[in-house]
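Engineer: What follows is a single structure, and I will ask about it in a moment.
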Amino acid sequence: MKRRFVSLALILFVSSVVFAQLPVPVPGDAAASKQDIQQLFEVMQIHQQMRQVMDAMMKQQSAMIHETLKNRYPQTSAERIARADQLIAETMKDMPMDAILDDMIPIYQKHFSKTDIDAMTTFYASPTGHKMMQEMPALTSEAMQASYARMQKQMDAMMQRAEQIVKEDPQKPKTPPATPPSLQKN
């Protein structure tokens, strides 16, 4: 589950960076080749960027798990928390980056023409493009830190609903779980 979440987050991150620079499509433009997209990924230093984002996500996930474990299970030992950290680190280390990038190529080919990919490659090869890619890990990390409290609140609400469902008496009529505060209408 966490592996899927991390993969999805990485794909969304990479896609958002690319979509932010989307040029106007040219009708009848040629399709981008695998090599065109691989060149874009190379210019964007996407492999390194993904690793940095994953490291930042690992720190964020670890902090959220620590907080959740401490709140939900105060008796949890430091050893168990360290084991959870080790599991997260192993999961991130074993993430198949090259395979993920290979999986993204047909998606880019579906949504971008050769002209689009060439324009993005030109942008990311420029000084401004380099700066954007250089700053992206810090932007992502700071955004994650800024959203931590909100995400933790949502995670706590989700855990409460999950525990409520698990504790429900199967003989009782089912009632819908409480709506989290962030989804309630004022």
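The values are calculated or read from the model by the stated rules, or taken from the named source; none is laboratory data. In this text the structure is predicted, and so the values were computed from the model without any measurement. Glycine also receives a Cβ, built like all others from the backbone with ideal geometry; neighbour counts cover every protein chain displayed.
Engineer: Looking at region 121-133, can you tell me whether even one residue there is more than 23 Å from GLU163 (Cα to Cα), in a helix (DSSP H, G or I), touching a residue at least 60 places away in the same chain (Cβ under 8 Å) and in contact with a His (Cβ under 9 Å, 6 or more places away or on another chain)?
Structural biologist: Yes, because at least one residue in region 121-133 is more than 23 Å from GLU163 (Cα to Cα), in a helix (DSSP H, G or I), touching a residue at least 60 places away in the same chain (Cβ under 8 Å) and in contact with a His (Cβ under 9 Å, 6 or more places away or on another chain).
Engineer: Shifting gears a bit: Which pairs have Cβ atoms under 9 Å, sit 6 or more apart or on different chains, and link a residue in region 32-55 that is on the phi > 0 side of the Ramachandran plot to one that is surrounded by 15 or more Cβ atoms within 10 Å (Cβ to Cβ) and among the hydroxyl-bearing types (Ser, Thr, Tyr)?
Structural biologist: GLN45/TYR124
Engineer: Would you be able to say whether some residue in region 29-37 is surrounded by fewer than 16 Cβ atoms within 10 Å (Cβ to Cβ), modelled with pLDDT of 75 or more and closer than 13 Å to LEU101 by Cα?
Structural biologist: Checking region 29-37: at least one residue is surrounded by fewer than 16 Cβ atoms within 10 Å (Cβ to Cβ), modelled with pLDDT of 75 or more and closer than 13 Å to LEU101 by Cα.
Engineer: Can you go through ILE65, ILE46 and tell me which one is at pLDDT 80 or above, surrounded by 11 or more Cβ atoms within 10 Å (Cβ to Cβ) and β-branched (Val, Ile, Thr)?
Structural biologist: ILE46
Engineer: Checking PRO137 against (1) without any contact (Cβ under 8 Å) to a residue 24 or more places away in the chain; (2) within 18 Å of the chain's Cα centre (by Cα): exactly one of these is not met. Which one?
Structural biologist: (1) is the only condition that PRO137 fails.
Engineer: Which condition from (1) surrounded by 12 or more Cβ atoms within 10 Å (Cβ to Cβ); (2) in a helix (DSSP H, G or I) is the one that MET95 breaks?
Structural biologist: MET95 satisfies all of (1) surrounded by 12 or more Cβ atoms within 10 Å (Cβ to Cβ); (2) in a helix (DSSP H, G or I) except (2).
Engineer: Is it true that SER113 is farther than 30 Å from GLU163 by Cα, surrounded by fewer than 15 Cβ atoms within 10 Å (Cβ to Cβ) and out of contact with any Phe, Trp or Tyr (no Cβ under 6 Å at 6 or more places or on another chain)?
Structural biologist: Here the answer is no, as SER113 does not meet what is asked.
Engineer: List every residue pair whose Cβ atoms lie under 7 Å apart, where the two residues are 6 or more positions apart in sequence or sit on different chains, the first residue falls within region 89-108 and is touching a residue at least 24 places away in the same chain (Cβ under 8 Å), and the second residue, located anywhere, is surrounded by 10 or more Cβ atoms within 10 Å (Cβ to Cβ) and in a loop (DSSP other than H, G, I, E, B).
Structural biologist: TYR108/ALA32
Engineer: Quick one: is MET58 modelled with pLDDT under 80 and over 15 Å from THR121 (Cα atoms)?
Structural biologist: When the stated conditions are applied, MET58 passes them.
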